[in-house]
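Input: a single structure, listed below in structure tokens.
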Amino acid sequence: MMMNGKVIFVVLDGLGDLPVRELGWKTPLQHAKTPNLDYLADVGITGLIDIISPGVPPGSDSAHLALFGYDPIHEYPGRGPFEAAGYGFALEDNEVAFRVNFATVENVGKTLIVKDRRAGRISGEDAKELTESIKEITEIDGVEIKFAHTLEHRGVLIFKGENLSHEITDVDPHAINVPVLKSVPLKHAKNISAAEKTANIVNKWVKLVYEKLKDHPVNMKRKREGKLPAQIALPRGAGKRFSIESFSERWGFKPVGIAAGALYKGVARVLGFDLIDVPGATGLPNTDVYAKFKYAIDALKKYDFVFVHIKGTDTLSHKKDPLGKARFIEKIDNALEIIVDDIKRNDELTLLITGDHATPSKIGYHTGHPVPILIVGPNVRRDDIKMFNEFAVQKGGLGRILGQHIMQILLTYTGRALEYGLKVSSSSLRYIPHKWNALDF
Ligand code: ZN
Ligand code: ZN
């Protein structure tokens, strides 16, 4: 049996879907022509994953934590710190971080109604100029404020000061045609006065942003061009600096990440992955998937766990574009050729392909449906499934498993798993130690 095998771990964001009328009641993954994915399903093992727990719609951050073998309920610090890490902010103890969305709102008297939570996926120069205006807000009630734009409609907000809390509710209602929400302390907040103070500052910040952006020349121009204006920025997912066992400590792999989106870089960075920037990787459907896979194979020389994140599948699902999603899956399948070639020659490589949640393209948001998975490698027990899609894999050999079980399964497939109950390593019960702690004679 092969020992110390290597892994390429591909996450196609929002992969899972439902049958849609316009594709003849097939899912985008069923509709797409995917000879490489089907070949991999044929020579590998397949199944379904409940990423967090059956029926629970995951966020991308908690989903990736689970896929990397962390408990997504007890080890989840909130979204803000991941976004901050992805941007490159190292959080300090007296800071609170938020994920922020540019959004389109309508003023109806004293409330603002959310019309689009992504302001028509605003990006480029428009987002940059609005960001400059938001950055003029540098302090509220003695608390220092930092804001940065990341990708498309996304940004990061950081408060720095004494007596701040992350135990507050979101301003973003996570839905449209409902009001912009007032942030308040969570019921169970440990420090209510800190939570009240922080929530007040968030609310003040959101109002100041609205004043700055509502008649901003960029928004006037967007309206003239028939684009959605971004008159507000909606914070959510408040979180503080936290400590978490690194991925290499927990699983024994030396990991690297290839991702363009700030959140995915952030999750990887927080867990101690190195990151590789790939030219042409954009985090959008126009991304160079082939380049990402090529870099992934090159990275196997230096690393033994390569995480590749591809966002376009989720983006097209949120846009409710099932055909676009199917075409993008075909583009991914095409690019997979290079990995398929490698896996035929490389008997140390295990390849895993899955999604981080379902984003059905007729619904446009994350749901709790389980997600298809396939694994190919030298120690994998092949099953009878010859196609990779939501329906075929229901009968796959992996059955239906939880997201956080995948890493342990990969330890077995890579010949790294330590027999349960052995006490030969102080750091972990899971994998065979790399260094033996020899007794001196
Ligand atoms: Zn996702
Ligand atoms: Zn999504």
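The values are calculated or read from the model by the stated rules, or taken from the named source; none is laboratory data. Worth saying up front: this structure is predicted, and the values here are computed from it rather than measured. Glycine gets a Cβ as well: all are built from the backbone with ideal geometry, and neighbour counts include every protein chain shown. Just the protein is used for accessible areas: all its heavy atoms, side chains included, with ligands, DNA and RNA removed. Shrake-Rupley method; radii C 1.70, N 1.55, O 1.52, S 1.80 Å.
Here are a few things to note about the model shown:
- Whole-Hz Karplus values for the range 126-141 come out as 4, 4, 4, 5, 5, 4, 4, 5, 5, 5, 5, 7, 10, 7, 9, 6 Hz, taken residue by residue from phi with 6.51 cos²θ - 1.76 cosθ + 1.60 and θ = phi - 60°; glycine and proline positions read x.
- Helix 289-299 and the long axis of the chain differ in direction by around 60°, with both axes built from C-alpha atoms.
- Note: relative contact order over the range 210-329, using C-alpha pairs below 8 Å and six or more positions apart, is 20 percent.
- A simple count of charges around PHE293, restricted to other residues whose Cβ falls under 12 Å of its Cβ and scoring Lys, Arg +1 and Asp, Glu -1, yields -3.
- Residue-span extension gain [LYS395 to GLU144] - 0.36 nm each, minus C-alpha spacing: 84.9 nm
- Across the protein chains, with a 1.4 Å probe defining accessible surface, the residues MET387, MET220, MET2, MET407 rank MET387, MET220, MET2, MET407 from largest area downward.
- Residue order for ARG430, ARG327, ARG416 - accessible surface, 1.4 angstrom probe, largest first: ARG327, ARG430, ARG416
- Summing charges over all other residues whose Cβ lies under 11 Å from the Cβ of HIS369, with Lys and Arg as +1 and Asp and Glu as -1, gives -3.
- Of all DSSP beta bridges in the chain, antiparallel share, percent nearest 5: 65
- Highest mean first, the peptides 312-321, 186-195, 162-171 sorted by other C-beta atoms within 10 Å per residue fall in the order 312-321, 162-171, 186-195.
- Mean Cα-pair separation over length for the chain, i.e. relative contact order, pairs under 8 Å, 6 or more apart, %: 31
- 3J(HN,Hα) along the range 151-167: 10, 6, 8, 9, x, 10, 10, 10, 9, 10, x, 7, 6, 10, 10, 9, 8 Hz, from the Karplus curve 6.51 cos²θ - 1.76 cosθ + 1.60 with θ = phi - 60°, whole Hz, x for Gly and Pro.
- With 0.36 nm allotted per residue and the present C-alpha distance subtracted, the SER426-LEU275 stretch has 51.6 nm of extension available.
- Neighbour net charge for LYS160 - beta-carbon separation under 15 angstrom, K R +1, D E -1: -2
- Residues of the range 78-115 with amide N under 20 Å of a point placed 7 Å along Cα→Cβ from ALA291: 87
- Estimated FRET transfer efficiency (ARG21, LYS160; beta-carbon r; R0 51 Å; 0.05): 0.50
- Rg [Å, one decimal], Dmax [Å, integer] - the chain, C-alpha atoms: 22.5, 82
- Percentage relative contact order, the range 83-240, counting C-alpha pairs under 8 Å, at least six apart: 31
- LYS362 paired with ASN107, simple spin-label distance in nm, labels 7 Å along Cα-to-beta-carbon: 4.0
- Here the calculated FRET efficiency for LYS115 and PHE242, from their Cβ-Cβ distance with R0 = 45 Å, stands at 0.85, rounded to the nearest 0.05.
- Here the gap between MET2 and LYS302, fully extended at 0.36 nm per residue and compared with their Cα-Cα distance, gives a gain of 106.1 nm.
- GLU136-LYS435 pseudo-label distance in nm [points 7 Å out on the Cα-to-Cβ vector]: 5.5
- The range 83-240: C-alpha gyration tensor shape, a/c 1.5 cut-off, then a/b vs b/c: prolate
- The sum of -39500 (n - 2.57) across all DSSP H runs of n ≥ 4, divided by the residue count of the chain, sets its helix-only mean residue ellipticity at 222 nm to -9000 deg cm²/dmol.
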